[in-house]
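For reference, the structure is listed below as structure tokens.
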Amino acid sequence: MKIIVPIKQVPEIAEVKIDPETKTLVRAGVPSILNPFDEFAVEEAVRIKEQLGEGEVIIITMGPPQAEEALKKCLAMGGDRAIHLSDRVFAGADTWATAYTIAQAIKAEAPYDLIICGKQAIDGDTAQVGPEIAEILGIPQVTYAVDVELAESKKRIKVKRETDEGFEVIECRLPALLTATKGLNEPRLPSLMAIMSASKKEIRLITAEALGGDQEQYGLPGSPTQVVEVFTPEQRTGGIKIDGTEDPEGAAKQLVEWLLKKGVI
């Protein structure tokens with residue numbers, strides 16, 4: 001079974017700042033990490049391969065040269081080989097252009113059985129790239145997976161997915177695309193031996209020209225949406241803190257009086 005896992009290297013959210021002049025994220029000097037939701041995707045792919053006792057897990061990312069570090073971590077977690085889509089032509093891509101680019105790399109790996117993405121990247125929080133990849137490839141998709149069961153035939157998959165109302169179970173044919181969310185598994189911490197072994201695994205660098213496809217669909221030219229501005233919301237003020245640890249009744253009375261004063265009740 002061939003399983004493909006698209007991943008992304010993202011800035012450490014706690015360190016992100018906004019340039020007051022350009023209104024864009026300041027990435028210089030900010031440490032980068034593997035997108036946390038992608039860790040669930042990699043772990044699930046490796047678990048399926050281990051359960052079957054055979055198969056291949058291919059990691060794909062689109063990003064600058066330093067994104068190779070995220071690929072190395074995925075290989076240390078159990079990925080077999082990696083593909084790094086890196087070219088200035090890819091710069092400025094929105095979710096659609098990103099999905100198109102990754103889909104071209106996936107097409108080159110056909111036939112494949114399963115694609116697993118993290119549900120979203122923590123820097124953009126759009127949750128769009130995974131579903132858009134499935135749409136471009138014309139395959140079924142099941143989002144927000146919290147449990148995955150592969151049929152004995154290896155032709156179908158049963159997925160328990162999280163919804164706003166609870167959970168639902170969907171069965172679909174393969175190939176298909178899943179997006180993984182927290183609760184699907186517990187990502188492993190790579191051992192020193194696994195980290196050393198990952199350094200010997202293949203990471204293939206692919207440029208826009210080598211990737212082929214419609215070059216006008218890559219990067220900024222292929223992006224129908226653009227970020228106009230990024231800003232920090234104003235800090236809310238005017239609230240109060242009520243501690244009812246020692247006197248719950250007094251705290252409740254204080255809260256009611258404050259709500260009455262504000263005209264809420």
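Derivation of every value follows stated rules applied to the coordinates shown; laboratory data play no part. All of these numbers come straight from a predicted model, not from anything done at the bench. All Cβ positions, glycine included, derive from the backbone under ideal geometry; neighbour counts span all protein chains shown.
Couple of notes before you dig in:
- Think of the chain as having a plus end and a minus end, set by charges on the Cβ of Lys, Arg, Asp and Glu; of Ala176, Ile58, Thr101, Ile58 sits farthest toward the positive end of this dipole.
- Within the chain: Cβ-based charge dipole about Cα centre, in debye rounded to nearest 20 (Lys, Arg +1; Asp, Glu -1): 440
- Simple spin-label estimate for Arg173 and Ile13 in nanometres, 7 Å along Cα-Cβ: 3.8
- Degrees, to the nearest 10: 36-52 long Cα axis against longest axis of the chain: 40
- Per residue, the chain reaches -8500 deg cm²/dmol at 222 nm when only DSSP H runs of four or more residues are counted, each adding -39500 (n - 2.57).
- Seen against the Cα atoms of the chain and their longest principal axis, helix 68-77 is set at about 80 degrees.
- Principal axis box of segment 134-265, alpha-carbon based, largest edge first, Å: 68, 44, 38
- Surrounding net charge for Ala97, when Lys and Arg each add one and Asp and Glu each subtract one, Cβ distance under 15 Å: -4
- Within-11-Å neighbourhood charge of Lys8 [Cβ basis; K, R +1; D, E -1]: -2
- Once the Cα atoms are used to define both axes, helix 248-261 deviates from the longest principal axis of the chain by about 90 degrees.
- The shape of segment 2-222 comes out rounded: with a ≥ b ≥ c from the C-alpha gyration tensor, a/c is under 1.5.
- Mean shadow area of segment 18-135, taken as a quarter of the surface of its Cα convex hull (nm²): 7.9
- Zone of Thr126's modelled label, taken as backbone nitrogen in segment 207-247 under 14 Å from a point 7 Å along Cα→Cβ: 218-229
- Our coupling estimate for segment 222-230, obtained by passing each phi through the Karplus curve with A = 6.51, B = -1.76, C = 1.60 and θ = phi - 60°, is x, 9, x, 10, 9, 7, 7, 7, 10 Hz, Gly and Pro reported as x.
- Take the Cα of Glu54, step 7 Å toward its Cβ, do the same at Glu165, and the gap between the two points is 4.2 nm.
- Around the Cα centre of segment 177-229, unit charges on the Cβ atoms of Lys, Arg, Asp and Glu (plus for the first two, minus for the last two) sum to a dipole of about 480 debye.
- √(5λ) per eigenvalue of the Cα gyration tensor, segment 189-265, largest first, Å: 57, 29, 9
- For the chain, relative contact order (Cα pairs under 8 Å, six or more residues apart, normalised by length) works out to 23 percent.
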